[in-house]
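> Take this structure, written in structure tokens, and hold onto it; I'll ask about it next.
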Amino acid sequence: MSASLPGGRALPESQYDLSTYWGRVRHTVGITDPRTLFVGRTGLEQAKNALIAYKTGQIKEMTPELWRAKKIVDSTLHPDTGEPVFLPFRMSCFVLSNLVVTAGMLTPGLGNRGTIAWQVANQSLNVAINYSNSNKSSPLSWSKIAQSYFLAVTASCSVAVGLNSLVPRLKSLTPSTRLILGRLVPFAAVASAGALNVFLMRGEEMRTGIDVFPVVSKTKAAARSEGVASPSPSAVASPPAEKSGAEQQSEGTATESLGKSKKAATIAVAETAASRVFNSSPIMVIPPLVLVRLQRTEWLKRNPRYTTPVNLGLILLTSYVALPLALAAFPQRQKIRAESLEEEFHGRGGEAGLVEFNRGI
């Protein structure tokens, strides 16, 4: 993200108040904006150079163009590594990538083989997204990735096949009720397995801990910013080497990691898993129920071939509404009291005794 760019002047975290839920929602709408996917390498470099000019003091205040540049950078670069996230696995592509898999899972007449095949595809996508957007201060080995992947796929397929087998056996229910439950099966599997996938793919973070940093007060950040001299144009054209993840925090205010905390990692992973459930729940419930009502209309009765496109349209619309609402449930840069972590962090917090860490998305 923009914190990984060179320059000592602190960038504002957001246009919006990230201490409030609706402020985070509005901020997340920008990060998940699919229009950022059309920005190529040249556009990304232009956005980075514009932010570097601000961080090095050449531009004195944020402008609409700079806010747009920050949105591009924040939606493209990983906050720990400063490297671009592979396009299909960015949160701005989350809805579109999942729509492809969802379309497959909704294919009429899927047997157990088809269900398993699409659940494998779904969990493969979840693994890639969770890994690409996780905290990178405790990287996974390839063997751990493979182990977590197979556990997640096995759990997901078990849930999906089990629910598919259960619904037809519920003879006491009316046909319309069984139809509704049948519609909910793929999404129930997605919701439960999606949360489990996060824990499995990011389990190493909870075992080894993630980096935590003291919260730097705005006064100190401003003081550091004022001490930044405006470099020559040649310095901006050839920026210094990017700093490591431990020195990239607080939007341009370099601070050293206080160490790795397992408690912080547990909070980060649990909140991310919860946000996955929050995201999938509306998609799991709203489109299937709306579609059942629409199928009773004369138009769909006369044109049954439109059922799948209508269903995918409902899913697409619900997904774009639900995603920022779910991701904003918890701050991406989580701030907590140092005393709530392991004893080694007690008394080492920054402003108001707080420390912060990258939750991941």
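> Mean shadow of region 30-173, computed from the convex hull of its alpha carbons, in nm²?
Convex hull of Cα atoms, orientation-averaged projection: 12.2 nm².
> From the protein chains alone at 1.4 Å, what is the descending order of accessible area for Trp299, Trp142, largest first?
I get Trp142, Trp299, largest accessible area first.
> Could you give the distance between the Cα centres of region 279-351 and region 79-130, to the whole Å?
The two parts, judged by their Cα centres, are 15 Å apart.
> Using every Cα-Cα pair within region 292-333, state what percent have a distance larger than 16 Å.
51
> Once neighbouring chains are kept in place and the probe is 1.4 Å, which whole percent of the accessible area of region 26-76 is contributed by carbon and sulfur?
Ligands and nucleic acids excluded, carbon and sulfur give 53 percent.
> Something else now. Could you compute how much accessible surface Leu289 exposes when probed at 1.4 Å, giving the result in Å² to the nearest 10?
Only protein atoms counted, so the area is about 70 Å².
> Oh, and also: Taking the solvent-accessible surface of protein heavy atoms with a 1.4 Å probe, what is the per residue accessible area of region 296-348 in Å²?
57
> Based on the mean of other beta carbon atoms within 10 Å per residue, what is the order of 34-42, 270-278, 338-346, most packed first?
Listed from highest to lowest mean packing, they are 270-278, 338-346, 34-42.
> Counting just the Cα atoms, what span does region 39-97 cover along each of its three principal axes? Round to the nearest Å and put the largest first.
Taking the Cα atoms of region 39-97, the three principal extents are 39, 23, 19 Å.
> What residue among Thr42, Thr32, Val85 has its Cα farthest toward the positive end of the dipole of region 1-101, where the charges are +1 on Lys, Arg and -1 on Asp, Glu, each on the Cβ?
Thr42
> Quick one: what Rg and Dmax do you get for region 273-361 from the alpha carbons, in Å?
Rg then Dmax for region 273-361, in Å: 21.7, 70.
> While we're looking at this one, here's another question. Could you give the size of the charge dipole of region 33-177 about its Cα centre, using +1 on the Cβ of each K and R and -1 on the Cβ of each D and E, expressed in debye and rounded to the nearest 20?
Computed charge dipole of region 33-177: roughly 200 debye.
> Right, something else. At 1.4 Å probe size, with every protein chain present, just tell me what the per residue accessible area of region 26-124 comes to in Å².
47
The values are calculated or read from the model by the stated rules, or taken from the named source; none is laboratory data. Predicted model, so just to flag it, every value in this text is computed and none were measured. Ideal geometry is used to build each Cβ from the backbone, glycine not excepted, and the neighbour counts take in all protein chains shown. Calculation scope for accessible area: heavy atoms of the full protein, side chains included, ligands and nucleic acids excluded. Shrake-Rupley method; radii C 1.70, N 1.55, O 1.52, S 1.80 Å.
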